Amino acid sequence: MPDPHARPATLLCVSITAAAPPLAEQARRAIADGADLVELRVDCIEDVPAIADFLRRPDRPPAVLTVRSVAQGGRFDGTDAERIALLEQLGLLLPGYVDVELELWRRSANLRQKVRLVCDTEPESVASAGDQFTTRAHQGRPASIPAAAALRTQRPRNRLVLSHHDWRGTPVDLEAVLQAVCATPGSIGKAAFTAQDATDGLRVLAALAAQAPSPAGGLIAISMGTAGIASRILARKFGAFLSFAAAPAGEQAAAPGQLTAVQMQRLYRWREIDSATRVYGVVGWPVAHSRSPHVHNAAMRAAAVNGVYVPLPVRPQYERFCEFMNHVQVHPELDISGLSVTIPHKEHARRWLHDTGGSITAAADRAGAVNTLTRTADGWQGENTDGRGALAALLQRAGLATVRDLPIAILGAGGAARGLISTLVAAGGRVTIFNRTSERARELAAAFNCAARPWSERGEHGARLLVNCTALGMTPREDESPLPAAAHRGDVIVFDTVYSPPQTRLLREAATAGCLTISGVDMFLAQAAEQFSIWHGLPPPTGVMQAGFAADLV
Ligand code: NAP
């Protein structure tokens, strides 16, 4: 039985910010990429005759007409009278929606009168127009010629979008802002806030989720900036009226943090997101470079899991991590079910579990780091799949049955080294640690009952397996290697935990010397596969995950 209180499916709107290529071509491309409608940023496009010509086309999709002021983050610096004249002139061509900034709406009675000439602001007339879009969106069909024609014949005027943009941050009383933009009957409220980190994005989503479904109105609530990307994707889960996407790469995004429609559709499975979609993500700082969304979203799609995996950048301090996790706990309706944890929060995740009475596996506790958090009926559970992933990759790639009694040299003594040493020592490996800061190497060696030698002696390590756990060789330090080329011996297995780039200088030089080499990509995929099994209780589709890692999505 369909839920009579269900909200209409969220529309996807591509913002057009330039006059070239021609607007009709950009709109066609947006619809082909999966958008339902376009936003015409008049303040950026500037060519008003071209906009008018586009709006007269019978085959165009519905459009949001926006003249964003400099004060609200746009480029329009004319007078109120000039802006009102533009909105009236172009609004008469019935784009579908007209965006008016709340400040302007409140300040100018003249504008309210003019806008009411071209916009429906009464609930009765808007309800039927809303149904028209709802049906189209539910059927998953892009806006097309009949929809645009229907817009003209059945809906004499536009819908009003009352907007507010906060470029300073996300206010404590953001609910008051949402109420203010939604206060005019029949209008759609739009509020965009700047996110410092993912916690701000979750606050906006929680406020969006708390809004009562309204057939007449609607709400658009966005966290701007790369920290707010998740809010743009999850807008669909929480019933926003629409979410914005950028025109294809190469053209300017209308607001920071916008993904392209192709990324929204292919990488984040936009069309498949509904209110029951569970949320997973990667918590770290930074996380923009992470391949985890590519790998986990592809895997969930292949295994028919109703979930989406998003980047969740959380500032580096322990207090910020706690703030984020507290928000996740206080808002179970956000449906955050599993988290990958990366630099610099792996140690924080372990500490947070200890501080809040969560459970943690003995191996993760020993490793001093948690890279996987799972929400269970009994609360949050932490484990570490890094060490297990590395061991699995190593055994498989090197064709080894065990590492028992194998002499192993570890370069580095940070979080990754700790996790690996814990696993390799437990599996019987004979580990020697080399680290630039010798004190850290000695401390780690004492904790795991293995050996430490000076960093300067790494060229004469004498081991059968060498593992790089330093950041040397990782983007942007691709030219560096933790070991001089002359120090390689052909009978050594060389394993680099660095996975970006997949082939590091260390691995290239080792291969030239005849060594068997193992890339950090294998470790990355193996730890992600373990996470998939933990979260979904299903066998991981490893081939799909590998393809997802390599996929290039614009
Ligand atoms: P971390 O805790 O910050 O440790 C960094 C390590 O690199 C420390 O031992 C540090 O030595 C050393 N280092 C940094 N700059 C150096 C330099 N110029 N010369 C010599 N040593 C230097 O970082 P982490 O979490 O352990 O991560 C380390 C690496 O592991 C990263 O490249 C990461 O990509 C990789 N990793 C890969 C996976 C995977 O799935 N493939 C998973 C986790 C981590 P000091 O102690 O002297 O500062």
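The values are calculated or read from the model by the stated rules, or taken from the named source; none is laboratory data. As the structure is a prediction and not an experimental result, all values here were calculated from the model. Here the Cβ is made from the backbone with ideal geometry for all residues, glycine too, and neighbour counts use every protein chain on show. Surface areas here come from the heavy atoms of the whole protein model, side chains and all, with no ligands, DNA or RNA. Shrake-Rupley method; radii C 1.70, N 1.55, O 1.52, S 1.80 Å.
Details
- Selection from T376, V310, A288 lying farthest towards where the dipole of region 283-376 points positive, charges on Cβ: A288
- Percent carbon-and-sulfur accessible area, the chain, ignoring ligands, DNA and RNA, probe 1.4 Å: 54 percent
- Amide hydrogen neighbours beyond the local backbone of E39, cut-off 5 Å, H modeled: V14, S15, I16, V64
- Residues whose amide H comes within less than 5 Å of that of I188, counting only those at least five positions distant or on another chain, are L160, V161, L162 (H built at 1.01 Å from N in the peptide plane).
- Degrees, to the nearest 10: 520-536 long Cα axis against longest axis of the chain: 60 degrees
- Taking 0.36 nm per residue of separation and subtracting the Cα-Cα distance, full extension of the segment from E323 to L117 would add 69.5 nm.
- Placing +1 on each Lys and Arg Cβ and -1 on each Asp and Glu Cβ, with no other charges, gives region 329-384 a dipole about its Cα centre of roughly 220 debye.
- Computed about its Cα centre, the charge dipole of the chain is approximately 560 debye, with only Lys, Arg, Asp and Glu carrying charge at their Cβ.
- Across region 445-460, computed HN-Hα scalar couplings (Karplus, 6.51 cos²θ - 1.76 cosθ + 1.60, θ = phi - 60°) run 4, 5, 5, 10, 6, 10, 9, 10, 10, x, 4, 5, 9, 4, x, 10 Hz from first to last residue, x flagging Gly and Pro.
- Electrostatic dipole magnitude of region 210-327 [Cβ: Lys, Arg +1; Asp, Glu -1; Cα centre; debye, to 20]: 240 debye
- Restricting the GluC sites (Glu not before Pro) of region 414-495 to loop positions (DSSP other than H, G, I, E, B) with no more than 15 neighbouring Cβ atoms within 10 Å leaves E478, E480.
- Helix 318-330 vs. the chain, principal-axis angle (Cα, 0 to 90°, nearest 10): 60 degrees
- Computed from Cα atoms, the angle from the helix 386-398 axis to the main principal axis of the chain rounds to 60 degrees.
- Ranking L312, L516 from most to least accessible surface, computed with a 1.4 Å probe over the protein chains only, gives L516, L312.
- Part-to-part distance (alpha-carbon centres) for region 173-250 and region 278-350, which is given in Å: 20 Å
- Amide H contacts under 5 Å for G338, placed H, 5+ residues apart: G281, R375
- Residue-level accessible surface for H488, protein heavy atoms, 1.4 Å, Å²: 20 Å²
- Inter-site label distance for A547 and D479 at 7 Å from Cα along Cβ, in nm: 3.8 nm
- Heavy-atom accessible area per residue - the chain, 1.4 Å, Å²: 40 Å²
- The separation of region 378-435 from region 499-554, counted between C-alpha centres, amounts to 16 Å.
- Net length gained if the chain between E457 and E25 were fully extended (0.36 nm per residue, minus Cα distance): 149.3 nm
- Among beta bridges identified by DSSP and lying wholly in the chain, the antiparallel ones come to about 10 percent.
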